[in-house]
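Here's the structure we're looking at; comments come further down.
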Amino acid sequence: MFYRSIDLAAGVVPIESPLKIERISGKEFSLLASVPTTRSILGRIKRELAGGIELNKFIQRYESLLDVDGQKVKTSPATHPRGAELYVVRGEQIIGFMLLNFYSWDILAPQICIKVEGNNLQKTFSLKPFSGLTILPHKPELASELFIIWVEPAFRRAGIGRALFTEAINIIDGFLSRGDIMFLTVRSGLKKRESAALFAYLIEEERKANGEDNAGNAIISGAQVDAESVFARTGVDCNSIPVHPDAVAAEILSKQAGLQFIGYSNKTSAIYCKVK
């Protein structure tokens, strides 16, 4: 086994060269999650990147999704509308973690997101399904999300994150057909309460404009709200929604890979997308 030494802020750390990126099955993920040290790492990854879902639910969800890989979604989207693939880089423990989600377009398309229009001087915000965030040449069949890339802090700035990102793009590109989309969300720099307040206000404006459906949900039609009104009601300055400091590198890599900003998730994470 060959190693190379990378000078890091924390010291000189041996890293295997070439970097070995290993795919993990659902069964292997279950075994890893049962080991206390690995479970602790998963907890840190989940807290940093996977939102408010409980760790046990996160693990259970991906134990099943990892048994439905991208190829199954591609060949049988009706019976396997969603799947995932997990890749890791190991040192003494896991030092790199990459999680990809694969979707039938019909699963992703109706998800409600935030569309932004206008410029820095005058922006408007509205709720749209994912399918309404950008103009597509035709209806995609599949979509893939680069969901998580995480590197152990002591090993950051050594090229591992970039290597994982490049591998993810290559895997996704092989999964998609012409007209399908790849995307990722870049973590918001807003506080959780600010993101929740913005989304709740947009929902409230839709309910005022359009009423509710039989289930009591606001009917979404894309009612536009200007940034000044958002600030007056919520105190959130959304003229420039910041990226979380830990996600700046992901945004840079996304732009370098040709992905374009198309809007925000319901948690105000920036969505970058590319049509194959």
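Any read-out appearing in this document is the output of simple, stated calculations on the displayed coordinates, not a laboratory observation. Worth saying up front: this structure is predicted, and the values here are computed from it rather than measured. Positions of Cβ are generated from backbone atoms using ideal geometry, with glycine treated the same way; all protein chains shown enter the neighbour counts.
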### Task
Could you work out the mean projected area of the convex hull around the alpha carbons of segment 82-190, in square nanometres to one decimal?
8.9
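Can you give me the span-like helices of the chain, meaning DSSP H runs with 18 Å or more of Cα extent along the axis and Kyte-Doolittle mean at or above 0.0?
What comes out of the filter, once short or polar helices are dropped, is 160-175.
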### Task
For GLY263, enumerate residues with amide H under 5 Å from its amide H, sequence gap 5+ or separate chain, H modeled in the peptide plane.
ILE271
### 10 Å beta-carbon shell around ALA218, net charge (K/R +1, D/E -1)
-3
### Query
Can you list the lysines whose alpha carbon is less than 17 Å from that of LYS274, not counting same-chain residues fewer than 8 positions off?
LYS115, LYS139, LYS255
### Message
If I take the Cα coordinates of the chain and project them onto the principal axes, what are the three extents in Å, biggest first?
### Response
64, 44, 35
### Task
Only loop residues by DSSP count here, and only those with at most 12 other Cβ atoms within 10 Å; note down the trypsin sites (Lys or Arg not before Pro) in segment 165-228 that meet that.
ARG178, LYS191
### Task
Starting from the coordinates of the alpha-carbon atoms of segment 20-118, obtain the Kirkwood hydrodynamic radius over all distinct pairs and give the value in Å to one decimal.
14.8
### Per-peptide average of other Cβ atoms within 10 Å, ordering 67-78, 141-152, 215-226 highest first
141-152, 67-78, 215-226
### Query
Roughly what % of Cα-Cα distances in segment 127-202 sit above 22 Å, to the whole percent?
46
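Against the globular-protein guess of 2.2 N^0.38 Å, express the Cα radius of gyration of segment 185-276 as a ratio, rounded to two decimals.
Compactness ratio reported: 1.22.
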